[in-house]
Amino acid sequence: GQRMLVVARDGVPTTNLVWKDTAIIPVGSTVDLLIDASNPGDWMLHCHIAEHLDSGMMTVMHIDGAAARERK
């Protein structure tokens, strides 16, 4: 429902910025994301390995419809 740019991996800036809806993050790594949060609603951010959901690798991001309309 949202798109993002991976702007850095492990603190190293990304040279090829491409809009994505998923990012592969190896164990022990970090990514810096720039999210285009223009699609209102509640959106779950999660690991795609179902067993990881039980360990808390998910959260919900709320995008306010009014705020999204103001940016247009």
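Could you work out the percent of alpha carbon pairs in the chain separated by over 13 Å, rounded to a whole number? Before the final figure, lay out the partial values.
Values: 1816 of 2556 pairs.
Percent of Cα pairs beyond 13 Å in the chain: 71.
So if I place +1 on the C-beta of Lys and Arg and -1 on the C-beta of Asp and Glu, and nothing else carries charge, what would the dipole magnitude of the chain be about its Cα centre? I want it in debye, nearest 20. Can you show the working numbers first?
Details: 6 positive and 9 negative charges, 68 e Å.
Around 320 debye, computed over the chain.
Quick check on the chain: helices-only [θ] at 222 nm, where DSSP H runs of length 4 and up contribute -39,500 (n - 2.57) each and the sum goes over total residues. Nearest 500, please. Numbers along the way, then the final one.
Values: 2 runs with 11 residues, N = 72.
Computed ellipticity for the chain at 222 nm equals -3000 deg cm²/dmol.
Bear in mind these aren't lab numbers, they're just calculated from the coordinates by the rules spelled out. The structure displayed is predicted, hence computed values, not measured ones. So basically every Cβ, Gly included, is an ideal-geometry build from the backbone, and we count neighbours across all protein chains shown.
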